[in-house]
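Reading through the structure tokens given below for one structure.
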Amino acid sequence: MSGPPPIPLQLRRLRGNPGKRALRAEPEPAREPKCPEPPPFLDSYARDEWWRVAPELHRLGLLTMLDVSPLAVYCEAYDRWRTAEEALAVMREGDEETHGLMIKTAEGNARANPLVKIAADAAGAMIAVAGLLGMTPVARSRLAGGIGGQPPAGGGKFEGLPRG
């Protein structure tokens, strides 16, 4: 399929339908009245991240029962990224020469620290899933009402006129 991926109906509604195209109905997954619990396999940083972002996504109507798994993937990637970055920080303190970016192999050769790739891969996964769930600055800037019900900054030429 060529072109940009389709945008979910709820995100298009939040963005205000700037293209004024007819909004086609799409299947509405079940929404729980309160924020879903994190899956039981999430622990540590992943569980903390769930409780940091899930309530806001739920409040915006962006977290349905079908979205639990993608959000869990994001939270697991966050856990992996944070754990790798903390391990790198410890290594950085004891390594004046490469600051933990390189390690020595059993043969004594220098090579890239695998933690750098682990952290980078996890960060990439986080950004990808976060964008799909409306959690990045670009995704938020496209929401018509802004996050938290606040209108986007800057207004427009019709700011101050009565709405109706």
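For the range 63-86: of the residues being of a type in the set (A, V, I, L, M) and not in a loop (DSSP other than H, G, I, E, B), which is farthest from Pro29 (Cα to Cα)? I'd like the intermediate steps shown before the answer.
Step one: filter the range 63-86 for residues of a type in the set (A, V, I, L, M), giving 63, 65-66, 68, 71-73, 77, 84.
Those left that are additionally not in a loop (DSSP other than H, G, I, E, B): 65-66, 68, 71-73, 77, 84.
Details: Met65: 7, Leu66: 7, Val68: 11, Leu71: 15, Ala72: 17, Val73: 19, Ala77: 25, Ala84: 35 Å.
Within the range 63-86, the match that is farthest from Pro29 (Cα to Cα) is Ala84.
To keep it simple, each residue is scored yes or no on (1) of a type in the set (Lys, Arg); (2) within 18 Å of Gly131 (Cβ to Cβ); (3) in contact with a helix residue (DSSP H, G or I) (Cβ under 7 Å, 6 or more places away or on another chain); (4) touching a residue at least 60 places away in the same chain (Cβ under 8 Å).
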site	(1), (2), (3), (4)
Pro5	no, yes, no, no
Ala25	no, no, no, no
Cys35	no, no, yes, no
Ala46	no, no, yes, no
Pro70	no, yes, yes, yes
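For (1) under 19 Å from Gly134 (Cβ atoms); (2) outside any helix (DSSP H, G or I); (3) polar (S, T, N, Q), each residue gets a yes or a no:
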| residue | (1), (2), (3) |
| --- | --- |
| Glu28 | yes, yes, no |
| Pro40 | no, yes, no |
| Trp50 | yes, no, no |
| Ala54 | yes, no, no |
| Gly61 | yes, yes, no |
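Table: residues versus (1) assigned to a helix (DSSP H, G or I); (2) surrounded by 14 or more Cβ atoms within 10 Å (Cβ to Cβ).
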position	(1), (2)
Leu11	yes, yes
Asn17	no, no
Arg24	no, no
Leu88	yes, yes
His99	no, yes
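Residues in the range 29-49 that are exposed (fewer than 15 other Cβ atoms within 10 Å of the Cβ) and touching a Cys at 6+ places or on another chain (Cβ under 8 Å): none. The residues on offer are Ala22, Ala30, Ala54, and the sole one that is at pLDDT 85 or above and of a type in the set (A, V, I, L, M) is Ala54.
Within the range 114-164, being modelled with pLDDT under 75, in contact with a helix residue (DSSP H, G or I) (Cβ under 8 Å, 6 or more places away or on another chain) and assigned to a loop (DSSP other than H, G, I, E, B) holds for Arg142, Leu143, Ala144, Gly145, Gly146, Pro152.
Regarding Arg111, is this residue touching a His at 6+ places or on another chain (Cβ under 9 Å), on the phi < 0 side of the Ramachandran plot and either modelled with pLDDT of 85 or more or not in a loop (DSSP other than H, G, I, E, B) (or both)? No, not satisfied.
The values are calculated or read from the model by the stated rules, or taken from the named source; none is laboratory data. Fair warning: this is a prediction, and the values are worked out from it, not measured in the lab. Glycine gets a Cβ as well: all are built from the backbone with ideal geometry, and neighbour counts include every protein chain shown.
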